[in-house]
Amino acid sequence: VRIKPITGVLWTLCVELVFYTIVSIIGKFTIKKLILLEVIILIYNLIFLYITRHFGEIYFLHYIARITLFLSIILIGSAFNFYSDQGEGTSKSAAKTSLIVSFAIISFFVVNNYNNKFNTMGTYTSFGTYILAISIFGYLYSFGPILIRNLPKIITFAADLVYPLYLLHAALGLSFMAYLRDNLQFPPLGIITGASFFVILISWLLHYLI
């Protein structure tokens with residue numbers, strides 16, 4: 001359906017929904033499964049661009065292609081799982097590093113190949129973005145356990161709420177702001193404060209009860 005989204009932030013939830021659906025279907029990730037997914041994404045996007053170039057844009061195919069671009073980026077993070085001793089298929093550090101770098105190069109190629117046609121990918125076209133992401137993952141993998149042990153409780157509490165807040169802040173927060181404005185005639189500061197408290201409360205309940 002060709003309609004504009006209510007708010008642009010919600011498109012990322014579509015990407016995550018597709019990713020979690022894939023995970024629920026294929027089960028525990030292995031190196032072979034990750035590589036197969038990355039190859040499927042690469043082949044699909046090449047076929048999509050070929051079809052678009054010769055037969056015109058097909059909206060549904062385009063929608064899938066755009067989601068797969070971000071899935072390829074998510075898989076870079078998934079590849080870091082195999083640095084863990086619990087990760088399946090752990091071998092030499094060089095081989096595991098090659099897997100991560102290869103995924104970054106494939107994702108970079110897929111994103112830029114798409115962007116050459118549609119020019120809508122922003123900073124995702126810069127390889128520096130991928131280097132930064134890999135550096136952050138590498139830093140957290142190396143020093144994360146040390147940092148986590150020394151974190152104040154308020155930071156741990158905030159970290160627990162990051163994902164539920166991400167899920168709820170736009171849809172629930174904007175709805176509650178509209179309710180406070182239209183039904184209770186709250187002033188702007190009261191609307192923001194009330195909506196923030198409400199969203200944090202619901203996020204906490206979602207995290208600890210569900």
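What follows draws every value from the coordinates through simple rules; no lab data is involved. Note that the coordinates shown come from a computational prediction; the quantities given were computed from them, not determined experimentally. When we count neighbours, we look across all protein chains shown, and the Cβ atoms used for this are built from the backbone with ideal geometry, even at glycine.
With just the Cα atoms defining each centre, how far is region 151-174 from region 186-209? Give it in Å. One Cα centre to the other: 11 Å.
Under the criterion of Cα pairs below 8 Å and six or more residues apart, the relative contact order for region 34-148 equals 24 percent. When only the Cβ of Lys, Arg, Asp and Glu is charged (+1, +1, -1, -1), the dipole of region 72-210 relative to its Cα centre reaches about 200 debye. The slack in the chain from L174 to A133, taken as 0.36 nm per residue of separation less the alpha-carbon distance, amounts to 11.7 nm. Given the choices (1) 37, 20, 14; (2) 56, 15, 12; (3) 34, 27, 15, semi-axes √(5λ) of the Cα gyration tensor in Å derived from the coordinates of this structure is entry (3). For region 60-67, 3J(HN,Hα) computed residue by residue from phi via the Karplus equation (6.51, -1.76, 1.60; θ = phi - 60°) reads 4, 5, 5, 4, 5, 4, 5, 5 Hz, glycine and proline entered as x. Taking only Cα atoms and a 10 Å spring cutoff, compute GNM fluctuations for the chain and point out the largest among N45, N119, N150. Maximum among the listed residues: N150. The distance between label points at L147 and W11 comes to 2.9 nm (points 7 Å beyond Cα on the Cα→Cβ vector).
Entry note, the chain: the mean residue ellipticity at 222 nm calculated from DSSP H runs of n ≥ 4, each adding -39500 (n - 2.57), is -26500 deg cm²/dmol after division by the residues and rounding to the nearest 500. Relative contact order of region 145-210: 41 percent, from C-alpha pairs under 8 Å at least 6 residues apart in sequence.
In percent, rounded to a whole number, the relative contact order of the chain is 16, using alpha-carbon pairs under 8 Å and six or more apart.
If I take R0 = 22 Å and measure r between the Cβ atoms of I26 and I64 in this structure, what FRET efficiency does the formula 1/(1 + (r/R0)^6) give, to the nearest 0.05? Rounded to the nearest 0.05, the efficiency is 0.80. Summarising the label geometry, the points placed 7 Å from Cα in the beta-carbon direction at L184 and T123 lie 3.6 nm from one another.
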